[in-house]
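J.: Quick one: this structure, given as structure tokens, is what I'll be asking you about.
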Amino acid sequence: MNNSTPNPFREMQFTVSAPNLSAFPAEDRVETAFAGRSNAGKSSALNAICQRRKLARTSKTPGRTQAINFFEHGDIRFADLPGYGFARVPPAMKAAWQALVEGYLAQRANLRGVVLVMDVRRPLTDFDRQLLDWGGAGDLAFHLLLTKADKLSRNRQMSALLSVQRAVHPHTAQLFSATQHIGIAEARSHISAWLAAA
């Protein structure tokens with residue numbers, strides 16, 4: 001990570017936790033959303049990108065995030081979406097989460113892109129592919145963070161990255177590790193480019 005480059009997201013602050021569409025903040029700032037399977041490291045990635053240890057709540061318990069959490073500073077905003085996949089919650093709650101996320105992605109005119117977080121050891125699950133297909137139909141831009149890259153050898157990292165890049169083109173993908181500071185500056189740069197193009 002290049003520590004000499006100023007971090008435009010360092011001053012992000014939590015603003016609201018929205019359990020339903022009516023609780024969303026006004027569309028008065030450009031937004032980037034963070035999505036991903038439960039326990040893929042989404043909140044850790046958001047914290048690392050913002051250089052804030054406890055900005056987004058992290059948990060080893062899948063499904064801890066049950067609403068869309070919004071963070072903002074100046075004219076930019078991040079949205080931390082509920083994790084999907086194997087969370088041990090009732091089916092009715094899963095259905096409510098799905099409706100919340102799909103409603104958000106379909107309605108937010110100020111959304112500039114989705115950072116899709118997935119474990120590099122288990123990339124492109126059925127849920128990931130469904131989100132990419134659904135969002136792609138609406139012309140949403142996706143940037144994939146292959147988290148926990150430090151768990152693999154360099155050769156296996158590159159093999160996984162190339163495989164995912166081929167599968168999701170024209171969307172982009174990169175290696176990432178919050179604990180070992182792999183790819184943090186690259187992720188910031190990509191998000192900044194989305195926001196600057198607004």
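The values are calculated or read from the model by the stated rules, or taken from the named source; none is laboratory data. Since the structure is predicted, the reported quantities are computational estimates derived from the model, not experimental observations. In this analysis, Cβ positions are derived from the backbone assuming ideal geometry, glycine residues included, and neighbour counts consider all displayed protein chains.
This table checks each residue for (1) of a type outside the set (Lys, Arg); (2) buried (at least 18 other Cβ atoms within 10 Å of the Cβ); (3) within 29 Å of Glu27 (Cβ to Cβ); (4) at pLDDT below 90.
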position: Glu102; (1), (2), (3), (4): yes, no, yes, yes
position: Asp139; (1), (2), (3), (4): yes, no, yes, yes
position: Ala149; (1), (2), (3), (4): yes, yes, no, no
position: Leu175; (1), (2), (3), (4): yes, yes, no, no
position: Arg188; (1), (2), (3), (4): no, yes, yes, no
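J.: Taking the options Arg156, Arg121, name whichever one is assigned to a helix (DSSP H, G or I) and over 16 Å from Ala33 (Cα atoms).
T.: Exactly one of Arg156, Arg121 is assigned to a helix (DSSP H, G or I) and over 16 Å from Ala33 (Cα atoms), namely Arg156.
J.: Determine, yes or no, whether Gly83 is modelled with pLDDT of 90 or more, closer than 21 Å to Leu175 by Cβ and either surrounded by 13 or more Cβ atoms within 10 Å (Cβ to Cβ) or under 15 Å from the mean Cα position of the chain (by Cα) (or both).
T.: no
J.: Another question, then. Would you pick out the residues in the range 68-86 that are assigned to a loop (DSSP other than H, G, I, E, B) and in contact with a helix residue (DSSP H, G or I) (Cβ under 7 Å, 6 or more places away or on another chain)?
T.: Residues satisfying the conditions are Leu81, Pro82, Gly83, Gly85.
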